[in-house]
Each structure stands twice: as C-alpha cells, then as structure tokens.
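Visitor: Dumping the structure here so I can ask a few things about it.
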Amino acid sequence: MVTVEQLKPKKLLSVNEKTDIYLRMTSLDDALTLYDVIHKDRKHLEQYQRWARNATPKSIKDAIQESIENTAKGVGLQYRIMLRDESALDKIIGTLTFYDHDAASRVVKLGYWLSKDHEGNGYVSTSLKTLLQYGFEYWSLSKVLLEITPGNERSERVARRLGAKPTKRFTDEEVDSKVYKRRVWEIPKL
C-alpha cells in the first residue's frame, strides 16, 4: 500500500558521497540569493536562458512560487544544485526543473542552468543523473524532453552524456517580442 508520504516529492536528493554537491527542493527563501547568482551571471545565462535577461527579485520570487504550486499540482519539481561550503552556508550554484509533467503520457520536460564559476566540474551531469533517476521512479516516466537552443554546445554535450537524442522537432520561445528556436531532445527511460 502506498502512503501519503511516498507520494510527496523528496526535499533533499543525495547526488553521491564522492561529490560536494546535493539537490535541495526550491523554497521561497531562495529568492534573493538566487537573484544574486543570476544577476552576477546575467550576461552568461541570457545567451541560452532568455528569461535571465529580465530577471528581477520579484520575477524570481514569482517563478519560485509558481514552481511550488506546480509541485503541489504534480506537474513540476524544482531543485537547487547546492555546493557544500565549509567556510559559510552552502551555496546555490544552479537549478534543475521538471516542468509540464503529463501523467497520461508519462512525459516531462527538463530545464537546467549552472553558474558560470562552477561549469566544467561535472556538477550538471552528475546532478541530472540523480534527478532523472528520481523522476523516472517518482513519476514512472517513459521519457524526458529537453529543449536546447541550437549552438548551446555545453547543453548538447550534457544531453548526449545522459543518453538523449536530438529529434526533428523544434519549439518556439518568445522573449521581448523575439522568437527563439529550441530543438527537442529525448531521454529514454534509464
């Protein structure tokens, strides 16, 4: 028999003992710290994360609230990539988000970003493997979709490491009255 607790998403996900990162479910308490990380890396992030261009403390807080509501509805999950820091509080260095979960087709979309200072350490790939394993178990997913801007070579490499394959489908993302194409990639069940 499944208990109510088993239906709730986990607040913390351990990546593995060999790394100094872990995943923590999003919280409204993250808003200002998250804004600071995004603001510091705005030029870097907005290349492929168009929402970063117009991010404000209020828009970040609103997005977190929406994510919390989506978790309650069963259509999304958002985790922070946290870096253990012995000298201070653990640091938010990125975000992983499951969104648009369709229970009938058992498909969900996945988005992620990482602060520039922490790229090249395997944090995204390692964190995504943990989140994907959890998502496939938690929602009994059949596949996960990524939408990657053509030319985002780092994300394409991460997608390939996860076993994702590019499809022939594209989606449109509109920001500031400008439309950007994103290629759909599929990650089959692990």
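Visitor: Among the residues of the stretch 105-126, are any touching a Lys or Arg at 6+ places or on another chain (Cβ under 6 Å), on the phi > 0 side of the Ramachandran plot and of a type in the set (D, E, K, R)?
Guide: So far as the stretch 105-126 goes, no, none of its residues is touching a Lys or Arg at 6+ places or on another chain (Cβ under 6 Å), on the phi > 0 side of the Ramachandran plot and of a type in the set (D, E, K, R).
Visitor: Out of everything in the stretch 137-161 that is within 15 Å of the chain's Cα centre (by Cα) and closer than 21 Å to TYR22 by Cβ, what residue ends up being surrounded by the most Cβ atoms within 10 Å (Cβ to Cβ)?
Guide: VAL144
Visitor: Identify, by number, the condition in (1) modelled with pLDDT of 90 or more; (2) surrounded by fewer than 16 Cβ atoms within 10 Å (Cβ to Cβ) that LYS43 doesn't meet.
Guide: So the condition that LYS43 fails would be (1).
Visitor: Within the stretch 163-170, is even one residue over 20 Å from GLN49 (Cα atoms) and free of Cβ contacts under 8 Å to residues at least 12 places away in the same chain?
Guide: Within the stretch 163-170, one or more residues are over 20 Å from GLN49 (Cα atoms) and free of Cβ contacts under 8 Å to residues at least 12 places away in the same chain.
Visitor: Same structure again: Would you point out the residue of the stretch 96-109, among those that are in contact with a Gly (Cβ under 8 Å, 6 or more places away or on another chain) and under 24 Å from ARG80 (Cβ atoms), that is surrounded by the fewest Cβ atoms within 10 Å (Cβ to Cβ)?
Guide: ASP100
Visitor: Got at least one residue in the stretch 42-63 being within 26 Å of SER14 (Cβ to Cβ) and not in a helix (DSSP H, G or I)?
Guide: No, that holds for no residue.
Visitor: Quick one: would you say LEU89 is exposed (fewer than 12 other Cβ atoms within 10 Å of the Cβ) and either within 12 Å of the chain's Cα centre (by Cα) or not in a strand (DSSP E or B) (or both)? Spell out the reasoning first.
Guide: Working: exposed (fewer than 12 other Cβ atoms within 10 Å of the Cβ): yes; either within 12 Å of the chain's Cα centre (by Cα) or not in a strand (DSSP E or B) (or both): yes.
So LEU89 fits the description; yes.
Visitor: Which residues, counting only those in the stretch 99-145, are over 16 Å from SER67 (Cβ atoms), of a type in the set (A, V, I, L, M) and not in a loop (DSSP other than H, G, I, E, B)?
Guide: VAL107, LEU114, VAL124, LEU128, LEU132, VAL144, LEU145
Visitor: Assess whether GLY94 counts as being of a type in the set (Gly, Ala, Ser) and under 12 Å from the mean Cα position of the chain (by Cα). Walk me through it before giving the result.
Guide: On the way: of a type in the set (Gly, Ala, Ser): yes; under 12 Å from the mean Cα position of the chain (by Cα): yes.
Answer is yes for this residue.
Visitor: Could you count how many residues in the stretch 162-190 are surrounded by 12 or more Cβ atoms within 10 Å (Cβ to Cβ), modelled with pLDDT of 90 or more and of a type in the set (Lys, Arg)?
Guide: 2
Visitor: Being modelled with pLDDT under 85 and either touching a helix residue (DSSP H, G or I) at 6+ places or on another chain (Cβ under 8 Å) or surrounded by 16 or more Cβ atoms within 10 Å (Cβ to Cβ) (or both) is the filter here, so list the residues in the stretch 46-61 that pass it.
Guide: GLU46, TYR48, GLN49, ARG50, TRP51, ALA52, ARG53
Visitor: Let me ask you something else. I'd like the residue in the stretch 9-37 that is surrounded by fewer than 11 Cβ atoms within 10 Å (Cβ to Cβ) and modelled with pLDDT under 75 and, out of all such residues, is nearest to the chain's Cα centre (by Cα).
Guide: By that ranking, first place goes to LEU12.
The values are calculated or read from the model by the stated rules, or taken from the named source; none is laboratory data. Because the structure is predicted, anything quoted here is derived from the model rather than measured. Neighbour counts are summed over all protein chains in view; Cβ atoms, including those assigned to glycine, are modelled from backbone coordinates with ideal geometry.
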